[in-house]
Every structure is written in structure tokens, then in C-alpha cells.
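Since the structure comes first, as C-alpha cells, the remarks are kept for the end.
The values are calculated or read from the model by the stated rules, or taken from the named source; none is laboratory data. Every value quoted in this text rests on a predicted model; they were computed, and no experiment measured them. Glycine gets a Cβ as well: all are built from the backbone with ideal geometry, and neighbour counts include every protein chain shown. Each accessible area value is taken on the protein alone, full model and side chains, heavy atoms only, with ligands, DNA and RNA left out. Shrake-Rupley method; radii C 1.70, N 1.55, O 1.52, S 1.80 Å.
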Amino acid sequence: MSEITNIEAITRTLQQEMRRDPRIFITGEDVGKRGGVFRVTKGMYEEFGEARVIDSPLSELSLVAVGIGAALYGLRPIVEIQFADFIAPAFNQIVQEAARFRYRTNGDWHAPVLIRAPYGGGIGGGLYHSQSIEATYSHIPGLYVVAPSTPYDIVGMLRYALRVDDPVLFLEHKKTYRLIKGEAPDDDYMIPFCKADIKRVGSDMTVIAYGLMLHETLQAAQELMHEDINVEVIDPRTLNPLDRDTILSSVKKTGKALIVHEDNLTLGLGAEIAALIASEAFADLDAPVMRVAGPDVPAMPYARTMQDFFMPNAQKIADALRKLNAY
Amino acid sequence: MTLSSPTKLELTAPTLAPHVQLGLHDDLVLEMYWHMLLARRLDERMWILHRQHQVAFHISGIGHEATQVAAAYALKRGHDFIFPYYRDLCLTLALGLTPRAMMLAMYGKQGEPMSGARQMPAHYSARHLNIVSVSSPVATQIPQAAGMALAMKYQNTDQVVMTCFGEGSTAEGDFHEGLNWAGIFKLPVIFLCQNNQYAISSPTDREMAVQNVADRAPAYGMPGVIFDGNDFIESYHAITQAIERARRGEGPTLLEAKMYRLVPHSSDDDDRTYRSREEVEAWKQRDPLLLARKYCVENGLLDDAHQAEFEQRAREIVDDADEFARNAPYPPPEEALNGVWGELPKI
Ligand SMILES: Cc1ncc(C[n+]2csc(CCOP(=O)(O)OP(=O)(O)O)c2C)c(N)n1
Ligand SMILES: [Mg+2]
């Protein structure tokens, strides 16, 4: 089995799924002839034509709304938000509309629109091309937020997402697009939502991380192995709703937990996971729950020095783990 | 595209009654009148229930009935789709939502079929009738309607989508983005603006710098059509033309029905604070229900006995719905937890 990158995993799966299911179409800014600014939809306009790979006007609010309307009709729209930073105009359509159709009609209507959004920093994107938006949207019942971070998980979860009957925010860490490679079998396996994955088995501490930070964490764990520190790494994969059981059973085993995200600290995913651990695994804890996260500034600055200062990385994670280990 | 002024629809052949010229059967015209009457009586009862503190809220469609009944009869039932708004009591009633359902919504009782008694009243929805659920933020349905029309175009059906909204809501970005999509892709969608002169207390000149909502249509590459929204036959004509155009694949139309909100914005509003009684009285002379009745009488479709019978029937239906809902139980509290997520696919 050959290795593919994260971006290849997305492209390949989109192509396969569109061949399988004629109800799927994709729309977004520059997704057609250009193949998207990140080239995720490369070659798809040529293969599926302009009726199924639709260049949209520059209007995120209505991109999502159009997806909702098509989903209500019974199609499986995929909406590409060019950068997660620009999803804000669609907030109302995502939160009050897509995520609420089922609840507000007691199950009569539902709007399974799949919203793909490249997010995250470390690429010189400054304030408006680096943001992590997952905490904001994970607050919304009725909307799945997923962030698979390896080719294997991306393929399995993207396939699954196209069969889920609720709206999905599918987050793709843009720095991992070409950085992360891995194996992904070319069959039709799927990975269900709300199932975390133990990316590394260990006994001393549990780290919960996703996106680029998952890979930084795995690197830190590797480093700590030389110091005889054995770290377990949990990738939640689905950020809302969380797979509580996998997180809790790991923490109950290790007694120590660190949560890592690049999204800023306050009310980030780490806050929720820490609260979960505090309320459900309190008696098993040997140390306070720790977090490594982006600082509480509005967004990531452009200058290299400030960007690096903002981004958590393997070094910072390893330092935090040493502290936690020594507690 | 050059800027064209909105078209006034003119009927020809003065010897024939307008509805005959439009190919509308006498029976259908009378049925339309009946639905306007029933909607009005139901609506009036809702006001009373609020004043009696029986229900928490009412938002009314009084004054909007002519346009709405015309829209219901112009659409192909069970085939076309509608994204209504909160004033569309008459429209959704004529499309098949029952008075009992609407009364259950008023009281927030168990078995309310639109939202399971989660939404406030007037948030119409019925999937089996192709009526898409109304939410409270205004204008959100407009780009959604464009999206459904995109799906229809992609599926090569001859269906159309209609969406309704007030003139004040056309200041929202959703309106402009929705029309932009519809224009670019020539989508089979009809944008039906019910211009009742006010957005709560704001008159139209504080909502837009142009005279008419329809004046904006050329900016989105579609025709804008203004008609008398108090006249049910003229409304039917205008709406039918827009629907036929969409069905032929010629694209969207922005319709603007001129009318007047004959009552306060909602049960929480006092319209005496921002408009004169003289103004309201003047518009009452053009009450769409009175005009429709006059039309039916003048064309020999309705006599006094018939009218009395209609009133009697309407009263019975409204009484039944009111009583039914009043006596229905409240939903069990923990029902609040249901229906957040669908079932996940099994692997
Ligand atoms: C986004 C949003 N802002 C404000 C409101 C409060 N609101 C409800 S109806 C309304 C006025 C709407 O006027 P118009 O569109 O003309 O419709 P009408 O009520 O006159 O039929 C307002 C401001 C709302 N529901 N949604
Ligand atoms: Mg108005």
C-alpha cells in the first residue's frame, strides 16, 4: 500500500464518492476550473462537469444556505469554505438553520450539508488565514464537528460524513495537507463519528490532541521516550460530540492529562475536556489537568517570530509533559 | 441588462370576468375566497386568545390573504416547494396545514405537527406538503430557496420553489445573496415579497432608498414585477406568470405585492405609537377579504345565503380547532431532549 498525503486523501475520496452517489455535488469559490485554491477539487470539474462542481459567487452566507436548500431537497451538497477564517458570514445559516432544522421540526426536516473548511496556522497566514474555529462551532448541538488528521482517518470519516443525515463541519488542517503522509487502503472502509482513536499507547500520561497538534504531540511523545516517559496520545477525531469513554478510560489508566490545541485557550476544546475529566475521573487523577493552547489574542500574527510564539509545537508540548510527569 | 421599470399586469378583453380570462374556474375562485375567509376568522380568534391570556404570542397575516391565497393556488401542490414566512397563515392553510395544527402551535401543545411545540406559533412547516420550516431570523430562507432551486435544476425537474418575505427583510444580506445566486444560475425560484409598508415600526423609506423592492431586480438580472397584493385575481395572474416563467427554465422573478399590515406587527406591538388611525382606516377600505367578497358577489359566485353558510362553517372549524388544542395535553418536559441528532449510519 502506498502512502498518500492528507490532501490526496480528500481529493481521492471526493472523487470516489461522487462516482458512487449522483446526489453529491460540490460548490465553493474557485472549486471549478481552478480546482480550489488548495487544489482539493483538482480534476473534478473535468470529470464531473459544471453541474456538479460549481463555482460559486463570493458569498459564504449563501454558500451554506444554498447547501441547506439542496440538502432539504434530498441531495448531498458539499460546500467548500475557501478558508475557515471566512466562514463567519455563514454563522447564522450554520447555527440557526442547518443545525436546527431537525430539532425545530421534531425530526420532520433535516439538512445534511457537508461543510469543508481548511483551518489552522503555521503557514504565514496572519490573522485571517490561520484561524482555528472548532471551539465556536463545537458549542452547537445538531452540528457534527470533525477534524480527522491522518490520511487514513480522513478517508474513512469523509466517507462516513457523506452518509450522515445531519450537517457536518469537516475541518482540514491546511498545514497538514501536504505535510502529513500515511497509508489509506483503497477500499470502502469507513470510520464512524464520535469515536476517538488511540494514536499511541502509553502508561504515564494522556495527551488529547487533534489536527496539526496531533502530529506535534506524537513527535513530543517520541522525544520523551528517550527519557523513559511513556505517553498515551488520544485523537478525538470528532470534536463534537466527543467520545467521552475513550478519553476517560485513558485518563483513568494514566492518572494525568494534557490537552493540546492551537485554538486559543479560553473556552477552547480543552476547557470542555478538562471539565469532563474533572467531573468523571476526579478520583483517578494524580495531577491537575493541563492545557497547551494558543494564547488569548484575537488571532495569529503574521511575523514569523510572533507566529512561532503563538503556535504550540513539539517542544512546548514536551516541556509541558515533563512538568506534568514531575508533578 | 438595462434597467426596466416594473411591469404592471394588464388584463385584456374587458367583456369577460378577469378570472375567466385567466382560465380560473368559478369553483376555484370561490374556494380561494373561502380560504381567505377561514384564514381571517382563524387569525381573529388567535388575537382574541392572546387578549384573553390563553396564549403567549400571535403574529398575524391579516391584510395579506389575497396574495397568499393566490400563491397557494398558483403553485402545483405536492410538486413545487415553498419557503414561507411567519405571516403565511392563509398560504399554508390553503396548501393543507390544518386549523387544528395551527391552534396546537398557538397553545404549544403535544402533537403540534410543525415543530413538536418547540417553535413559537406561525413557524409553519410540513414536509408532506413541501412546506419548508420557518425560523425566526428573517430572510434566511431566501438563499435556501435558491439552493433548492439549484438542486431542482441539477435534477432536471420542472418543479419550482417559491419563497415569501416582508419588504423590510430585503435589507438583509441573505436577500441580496439569494437573488444573486438565482440570477447567475437562472434558477426556477419565485421571490414573493409581501410589502405591507412596515417592518415593525419602520416605514419603507427607512428600509430602502428606492421606491420599490422590485426596483432591485435588474441588479440581479431578473424581472421585477409589482402588483396589487390586495386583489386576489391580479395576484394570481402575476404569480402564475412568474411560476410559468420559472417552469419554462427562463429563471427567477422578484414579485412585489403591495398591501398593508392591517393590524399591529404582533401581539406585543402597539402600532398607535408610529402610525395614524386615519392611515389604517384608509387601507381598510382596500381590505383584501372585502375586495374578494365584492368580486365574488359582482360576478355571481356568491350570495348572502352562501356567505352566511361560509361564516357558519368557518366558525365551526375555528371552534373545533380552538377546543381541540385547548384540551390537548402539554408535551412531557423531557421531550425537549429529543430530535437533536438523527441516527448515525451503521457500519
Ligand atoms: C434577523 C432578524 N432581525 C430582527 C428580527 C426581529 N423582527 C421580526 S419581524 C421584523 C420586521 C420584518 O419586517 P418585514 O420584513 O417588512 O416583514 P413584515 O413583518 O412586515 O411582514 C423584525 C425586525 C428578526 N426576526 N430577525
Ligand atoms: Mg413589512
If you average 1/r across every pair of different Cα atoms in the range A:62-216 and take the reciprocal, what Kirkwood value do you get, in Å?
16.4
Under the rule of -39500 (n - 2.57) per DSSP H run of 4 or more residues, summed and divided by the residues of chain A, what mean residue ellipticity at 222 nm is obtained, to the nearest 500 deg cm²/dmol?
-10000 deg cm²/dmol
Between B:Ala214, B:Ala336, B:Ala246, where does the largest GNM mean-square fluctuation fall for chain B, given springs only between Cα atoms within less than 10 Å?
B:Ala336
Along each of its three principal axes, how wide is the spread of alpha-carbon positions in chain A, in whole angstrom units, largest first?
59, 43, 41
Contact surface A-B: accessible area buried, both sides summed, square angstrom, 1.4 angstrom probe
4000
The longest stretch of chain A containing none of the GluC sites (Glu not before Pro) that sit in a DSSP loop with at most 15 other Cβ atoms within 10 Å is A:51-226
Using a ≥ b ≥ c from the Cα gyration tensor of the range B:174-283 (square roots of the eigenvalues), is it rounded, prolate or oblate, where a/c under 1.5 gives rounded and otherwise the larger of a/b and b/c decides, a/b for prolate?
prolate
Output the Kirkwood hydrodynamic radius of the range A:1-132, Cα pairs only, in Å rounded to one decimal.
15.4
How large is log10 of I(q)/I(0) for chain B at q = 0.13, 0.15 Å⁻¹ when the intensity is taken from the Debye formula with one equal scatterer per alpha-carbon?
-1.03, -1.36
The protein assembly as shown accessible area per residue, 1.4 Å probe, protein heavy atoms, integer Å², reads 39
Lysine-lysine proximity count for the range B:25-326, Cα under 26 Å, sequence distance 8 or more or distinct chains
8
What is the range A:153-304's relative contact order, in percent, from Cα pairs under 8 angstrom and six or more apart in sequence?
21
Relative contact order of the range B:25-326 (C-alpha contacts under 8 Å, at least 6 apart) in percent is 23
Residues of the range B:169-208 with accessible area at least 10 Å² lower in the all-protein-chain context than alone (1.4 Å probe)?
B:Asp174, B:Glu177, B:Asn180, B:Trp181, B:Ile184, B:Phe185
Counting other C-beta atoms within 10 Å, and keeping those with at most 15, which DSSP coil chymotrypsin sites (Phe, Trp or Tyr not before Pro) do you find in the range B:242-347?
B:Tyr274
10 Å Cβ shell holding at most 14 others, DSSP loop, trypsin sites (Lys or Arg not before Pro): longest site-free stretch of chain B
B:78-247
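Let me check against my output: what whole-number percent is the relative contact order of chain A, with C-alpha pairs under 8 Å and at least 6 apart?
Averaging sequence separation for qualifying contacts and normalising by length gives 16 percent for chain A.
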Looking only at other chains, what is the average number of their beta-carbon atoms within 10 angstrom of each beta-carbon in B:115-125?
3
Among A:Gly107, A:Ser130, A:Pro22, which residue has its Cα positioned farthest towards the positive end of the charge dipole of the range A:3-183, with +1 placed on the Cβ of Lys and Arg, -1 on the Cβ of Asp and Glu, and the dipole taken about the Cα centre?
A:Pro22
Taking the convex hull of Cα positions in the range A:197-326, its mean projected area over all directions (nm²)
7.5
What average count of beta carbons from other chains do you get within 10 Å of the Cβ of residues in B:128-137?
4
Per residue of chain B, what 222 nm ellipticity follows from adding -39500 (n - 2.57) for every DSSP H run with n ≥ 4, rounded to the nearest 500?
-13000 deg cm²/dmol
Rg/Rh of the protein assembly as shown (Cα atoms, Kirkwood Rh), to two decimals, equals 1.05
Only bridges with both residues in chain B count here: give the DSSP antiparallel percent, nearest 5.
10
For the range A:6-57, compute Rh as the Kirkwood radius over C-alpha pairs and then the Stokes-Einstein diffusion coefficient at 25 °C and 0.890 mPa s; write the answer in µm²/s, rounded to an integer.
231
For the range B:303-347, residues shielded by at least 40 square angstrom of accessible area compared with the chain on its own, probe 1.4 Å
B:Gly339, B:Val340, B:Trp341, B:Gly342, B:Leu344, B:Pro345, B:Ile347
Of every hundred units of 1.4 Å-probe accessible area on the range A:197-326, the number belonging to carbon and sulfur atoms, as a percent, is 53
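Could you size up the charge dipole of the protein assembly as shown around its Cα centre, putting +1 on the beta carbon of Lys and Arg and -1 on that of Asp and Glu, and report it in debye to the nearest 20?
Computed about the Cα centre, the dipole is about 740 debye.
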With all protein chains present, chain B has a carbon and sulfur share of its accessible area (1.4 Å probe) in percent of 52
